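The values are calculated or read from the model by the stated rules, or taken from the named source; none is laboratory data. No experiment lies behind these values; they were computed from the predicted model shown. Backbone-built Cβ (ideal geometry, glycine too); neighbour counts: all protein chains shown. These area figures cover heavy atoms from the full protein model, side chains too; ligands, DNA and RNA do not enter into them. Shrake-Rupley method; radii C 1.70, N 1.55, O 1.52, S 1.80 Å.
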Amino acid sequence: MNGERFTPVNTFEYEALAKLKLPKMVYDYYASGADDEYTLEDNIAAFRRLRLRPRVLVDISAQDISTTLLGIPSSFPLVIAPAAMQKMAHPDGEVAVARAAAKNKVIMTLSSLSTCSMEQVAESSPAGAKWFQLYIYKDRQVTKKLVERAQNAGYKALVLTVDAQRLGRREADIHNKFSLPQHLTFGNFQEEQTTNDDKTRTKSAQGSGIEAYFASLMDPSLTWKDIAWLQSITRLPIILKGITTAEDAQKAVQSGVAAVIVSNHGARQLDGMLATIDCVEEVVDAVRSRIPVLMDSGVRRGTDILKALALGAKAVCIGRPVLWALAVGGEEGVDDVLNLLRNEFHLAMGLVGCRSVEEIDRRIVVHQDVARIQKLKPKTHPQPLSQNARL
Ligand SMILES: Cc1cc2nc3c(=O)[nH]c(=O)nc-3n(C[C@H](O)[C@H](O)[C@H](O)COP(=O)(O)O)c2cc1C
Ligand SMILES: CCCCC(=O)C(=O)O
């Protein structure tokens, strides 16, 4: 249109642009959910079923949208979720994301399976706080080494992913025989890769190479006992990512972890689970304010962040929107998406009449179905006798 560049104004438009730009195999890997992708759809739809109840005539000329997460200041209640293999989106990969995160004063979580090394990412943006996402390897020495390196490189917490003892079944990856492109490597495993090229590059003659790679290295025998082991080898706070039930939330508190992230892994693991936003209240109620509860999966709008906080989350994490932004515009793209979401959240918070994140409470959100029932209620009541008598 008049040769003018199209500028995306929301995360959905970033996805549409990224889809045009990325190789099909890469887009499919980033976008996919497990099986029939019911939960993938519901992660977004569930936010839309929640509706807002604004309070008006509140002076919102001086809002404060900042928060603190495990002692770390954050410009707004958002954290970048760990996502593997970011150089497939842009040559700068995780370094670009880390720089944009630091600039925006939000925490970045680096995946164990990053394409830049954790040291490189740490050095690229020393001012930005970072967490390291951990997968537990069958070989505990490998895990231990990752933990030590993360600690030495200045990462502030370990995000232990507990919903991926095995990788979910993503059918597009099976069709595409997805593997890490030949020119890329896993940044945290440089040494291993020179000795065992094909396996670590995830090549597979049939099916998803990444699934085979994951199954060959990660430990499916993980239990609560391993949390104690992890605590014994690190002084970093441990955050459990992938808690969705009251039962597990209680166990998490008992195990002494620092926080939990309510997550269904962006619907990439177990199809048929509830949307994550529908699990938040259950987990928050079980935790009873003893540790912070974060959530991810399906957050695409400032209003989504507001809804999550209203249900008791301390912050949200975003996965795919960062990958789309990285694909479209590298560091600048990620910077823009973080700004978009911050501005949307600022506006939404103001329009419901909240001046600070502490003022966001359960009353500002209502489930759409409940709203409808409330509206219908008078009609379902029996009519007064005198009126019936006239019929
Ligand atoms: C392409 C991709 C790669 C991911 N890689 C990891 C990973 O390495 N470790 C992890 O714990 N979670 C991983 N996740 C899950 C995210 O951390 C997060 O839970 C999810 O993306 C949130 O949902 P959203 O994408 O709807 O925001 C990945 C997600 C995507 C989309
Ligand atoms: C082997 C890479 C796994 C990364 C991951 O967690 C995901 O794709 O969801």
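When the accessible area of the chain is split by element with a 1.4 Å probe, what percent falls to carbon and sulfur?
Ligands and nucleic acids excluded, carbon and sulfur reach 52 percent.
Taking every DSSP beta bridge that has both ends in the chain, the antiparallel portion is near 20%. Quick one: net charge around GLU331, please, counting Lys, Arg +1 and Asp, Glu -1 for every other residue with C-beta under 12 Å from its C-beta. For residues surrounding GLU331, the net value is -3.
Magnitude of the charge dipole for the chain, about its Cα centre and with charges confined to Cβ atoms of Lys, Arg (+1) and Asp, Glu (-1), is about 980 debye. Each other residue within a Cβ distance under 13 Å of ILE174 adds +1 if Lys or Arg and -1 if Asp or Glu, for a net charge of -2. Of the residues HIS183, PRO54, SER216, the one whose Cα sits farthest towards the positive end of the charge dipole of the chain is PRO54 (charges of +1 on Lys and Arg Cβ, -1 on Asp and Glu Cβ, taken about the Cα centre). Of the residues ILE364, THR115, TYR14, the one whose Cα sits farthest towards the positive end of the charge dipole of the chain is ILE364 (charges of +1 on Lys and Arg Cβ, -1 on Asp and Glu Cβ, taken about the Cα centre). Projected onto their three principal axes, the Cα atoms of the chain cover extents of 89, 61, 44 Å, largest first.
For region 1-147, a simple Cβ point-charge model (Lys and Arg +1, Asp and Glu -1, everything else neutral) yields a dipole of about 300 debye relative to the Cα centre. Counting only protein heavy atoms and a 1.4 Å probe, region 296-336 has 20 square angstrom of accessible area per residue. Taking every DSSP beta bridge that has both residues in region 50-190, what percent is antiparallel when rounded to the nearest 5? That works out to approximately 25 percent antiparallel.
Residues ARG342, ARG169, ARG5, ordered by accessible area of protein heavy atoms at a 1.4 angstrom probe radius and largest first, appear as ARG5, ARG169, ARG342. With the whole protein complex present, LYS24 retains an accessible surface near 130 Å², based on a 1.4 Å probe. Each Lys or Arg adds one and each Asp or Glu takes one away; over the other residues whose Cβ falls under 9 Å from the Cβ of GLY298, this sums to -2. Close amide H partners of TRP131, meaning residues 5 or more places away or on another chain with modelled amide H under 5 Å apart, are MET108, THR109, LEU110, LYS156.
Report the residue, chosen from ALA127, ALA34, ALA46, that carries the largest GNM mean-square fluctuation when the chain is represented by alpha-carbon nodes joined by springs under 10 Å. Comparing ALA127, ALA34, ALA46 in a Gaussian network model of the chain, the most mobile one is ALA127. Residues whose amide H lies under 5 Å from that of LEU50, counting only those 5 or more places away or on a different chain, are GLN368; hydrogens are built 1.01 Å from N in the peptide plane. Between their Cα atoms, which of LYS24/LYS87; LYS156/LYS241; LYS19/LYS105 are more than 20 Å away from each other? From the list (LYS24/LYS87; LYS156/LYS241; LYS19/LYS105), the Cα-Cα distance tops 20 Å for LYS19/LYS105.
Here the 3J(HN,Hα) profile of region 231-240, calculated from phi with Karplus coefficients 6.51, -1.76 and 1.60 at θ = phi - 60°, is 4, 6, 10, 9, 9, 6, x, 10, 10, 8 Hz, Gly and Pro shown as x.
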